[in-house]
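Please treat every number below as a calculation from the coordinates, not as lab data. Here the structure is a predicted model, which means the values were calculated and not measured. We place every Cβ from the backbone using ideal geometry, glycine too, and count neighbours over all the protein chains shown.
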Amino acid sequence: MLDDGSNAPDPGDISAPVRDLQDIPSVEVISRAAVMLLSAAAERLGLADEDPDTSPQRDLDEARRLITALAGLVTASAEYLGVHAAPLRDGLQSLQKAFREASAVPDAPGQGPGEKYTGPVY
């Protein structure tokens, strides 16, 4: 443990409890992966900055890849996600719309990132 009065484990402490992947429910693994893709795509769209248009993190090519991967994951696993599916779909759709708005020349409906999995997003 750290000696600073906090209860946070020391990252170098190999005796700290670790969850085995076999102990983590699949819905949690899928949800965590989806949230990571969602967050990374938002960063690449510049949405974490006050002005996304001038964000140094903005990279629409990278955002396209992340959004497409997220769309595939959410679509393929929707039946297993239960109550988690709707919020993930909403987040995905928000990213797809933000991508369309950020693009100088928006993709045709059905051709945007992930739309081959989700259908057109307007």
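For P(r) over Cα pairs in 5 Å bins from 0, in percent, which listed value, (1) 2, 12, 24, 25, 19, 10, 6, 2, 0; (2) 2, 11, 18, 17, 14, 11, 10, 9, 5, 3, 1, 0; (3) 2, 10, 15, 11, 9, 7, 7, 9, 11, 9, 6, 3, 1, comes from the coordinates shown?
(2)
Give me the extension gain from residue 93 to residue 29: residue separation times 0.36 nm, minus the current Cα-Cα distance, reported in nm with one decimal.
Gain on stretching residue 93 to residue 29: 20.9 nm.
Quick one: net charge around residue 36, please, counting Lys, Arg +1 and Asp, Glu -1 for every other residue with C-beta under 15 Å from its C-beta.
Once all neighbours under 15 Å are counted, the net charge is 0.
For the range 24-104, build the charge dipole from Cβ charges (+1 Lys, Arg; -1 Asp, Glu) around the Cα centre, then report which of 77, 99, 37 sits farthest towards its positive end.
Final value for the positive-end residue is 77.
Place a +1 charge on the Cβ of each Lys and Arg in the range 68-122 and a -1 charge on the Cβ of each Asp and Glu, then give the dipole magnitude about the Cα centre in debye, rounded to the nearest 20.
20 debye
Run the dipole for the chain about the Cα centre, Lys and Arg Cβ at +1, Asp and Glu Cβ at -1, nothing else charged, and hand back the magnitude in debye, nearest 20.
The dipole of the chain has a size of about 720 debye.
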